[in-house]
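We did not get these values from a lab; they are worked out from the coordinates using the rules stated. This one's a predicted model, so the numbers in the text were calculated from it and none came from an experiment. Methodologically, a virtual Cβ is constructed for each residue, glycine included, from the backbone with ideal geometry; neighbour enumeration extends over all protein chains shown.
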Amino acid sequence: MATIADLRQLVSDTKPDEAAEMTSTLLDAGLDPMEVLEEGVMSGLQDVGDRFAAKKAIVLDLVRAGVTAKACVPLIQASFPEGEGVKIDKKIVLGTMLSQHNIGKNLVSTLLSIGGFEVIDIGEKNSPFDFYEKAESVGADLIAVSVVFAPAMEKFNELLSLLNEMNVRDKYPVIVGGAVTSQKWASEAGADGWGAQAKDGVELARKLLSIE
Ligand code: B12
């Protein structure tokens, strides 16, 4: 019988077609989509990342890992439970800081939308100014930042400094998450919230925007 461990192995081996097929099999068998995502796809990606950090994999392997994730994640997203259809009149500007890693950011976007928020997704490779400018132009209620590689961590600090300098820090609660971040780092940086998982973004936004 197919298991989540099999999916993790296929993602770790960067086999997009087989991994997508396995994802469908597990979802069809009624497994929890979040579990399939976290323990199958994300754990497999973590393996590839760990091998890369240990110099046992090359950038091409990261590319293949990305392709494999992109073959599986939409299937999982499609099986997330529908939202209750309630729209929350709050705008969230979301993007990746600096990097092109967008798989996590896209998951955050999906879950915030299902949660009823209006998501203004500014995509990848953003600068601190991009977040600030968009938040001002759309009248955002919150800024959500995905920080997936080390150079983006410093840029996140710059975003908070920029918001302070422009006297708008109080206007925008800022939440952050991503592979290289931690609660400790986010608190020290002065973020208003940090999430280990995409689903935490919804809880953080609801709490910070005082939605019952
Ligand atoms: C796939 C991958 C790539 C693909 C990305 C494809 C794509 N379209 O996204 C490509 C090939 C582009 C890539 C490139 C690089 N990568 Co890369 N990559 C990965 C890998 C294997 C998986 C990333 C991923 O998608 N994970 C799955 C998603 C779902 O996880 P996530 O983004 O962390 O998001 C989850 C949570 O963190 C959270 N979350 C994310 N954002 C937010 C935001 C909020 C507000 C909240 C609440 C939650 C939240 O929710 C998500 C789901 O629950 C990771 C390894 C790893 N451990 O993650 C390395 C990794 C991130 N990459 C790394 C590196 C070094 C690079 C390169 C610099 C390599 C190089 N020398 O060129 C380049 C940088 C390119 C660039 N300029 O951005 C390093 C970063 C290390 C560091 N300390 O900086 C990692 C950690 C690998 C490693 N261990 O060394 N990479």
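Would you compute, from DSSP H runs of 4+ residues alone, the mean residue ellipticity of the chain at 222 nm, taking -39500 (n - 2.57) per run and dividing by the full residue count, rounded to the nearest 500?
Dividing the helical sum by the residues of the chain leaves -16000 deg cm²/dmol.
Given 0.36 nm per residue, what is the gain on full extension from ALA150 to SER187 after removing their alpha carbon distance, in nm?
11.7 nm
Report, largest value first, the span of the C-alpha coordinates of segment 104-212 along each principal axis, in whole Å.
Principal-axis extents of the Cα atoms in segment 104-212, largest first: 32, 29, 24 Å.
May I ask you to derive the relative contact order of the chain, considering only C-alpha pairs under 8 Å and at least 6 residues apart, and to give it as an integer percent?
Averaging sequence separation for qualifying contacts and normalising by length gives 16 percent for the chain.
Can you put ILE76, ILE114 in order of Cβ neighbours within 10 angstrom, beginning with the fewest?
On the way: ILE76 23, ILE114 17.
Exposure proxy ranking, most exposed first: ILE114, ILE76.
Run the numbers on segment 4-78 and let me know its relative contact order in percent, using alpha-carbon pairs under 8 Å that are six or more apart.
Details: 93 pairs, mean separation 34.0, N = 75.
In percent, rounded to a whole number, it is 45.
Just to confirm the number: angle between the C-alpha axis of helix 16-28 and the first principal axis of the chain, 0 to 90 degrees, nearest 10?
Approximately 90 degrees, to the nearest 10.
Note down, for the chain, the three equivalent ellipsoid semi-axes (square root of 5 times each alpha carbon gyration tensor eigenvalue), biggest first, whole angstrom.
The equivalent ellipsoid of the chain has semi-axes of 31, 21, 13 Å.
Suppose every Lys and Arg Cβ carries +1 and every Asp and Glu Cβ carries -1, with no other charges. What dipole size does the chain come out with about its Cα centre, to the nearest 20 debye?
Dipole of the chain, to the nearest 20 debye: 460 debye.
In whole Å, what are the Cα extents of segment 58-147 along the three principal axes, biggest one first?
Taking max minus min along each principal axis of the Cα atoms, segment 58-147 gives 42, 34, 13 Å.
Translational diffusion coefficient of segment 1-54 at 4 °C, 1.567 mPa s, Stokes-Einstein with Kirkwood Rh over Cα pairs, in µm²/s as a whole number.
Taking Rh from Cα pairs, D becomes 120 µm²/s.
Taking the mean number of other Cβ atoms within 10 Å as a proxy for protection, how do you rank 47-56, 5-14, 133-142 from highest to lowest?
Ranked by mean Cβ neighbours within 10 Å, highest first: 5-14, 133-142, 47-56.
How far is helix 198-208 tilted off the main Cα axis of the chain, in degrees rounded to 10, range 0 to 90?
20 degrees
What is the sum of charges around ILE120, taking Lys and Arg as +1, Asp and Glu as -1, for the other residues whose C-beta is under 9 Å from the C-beta of ILE120?
Details: positive: LYS91, LYS134; negative: GLU118, ASP121.
Net of charged neighbours comes to 0.
Give me the distance between the Cα centres of segment 163-189 and segment 44-119, rounded to whole Å.
20 Å
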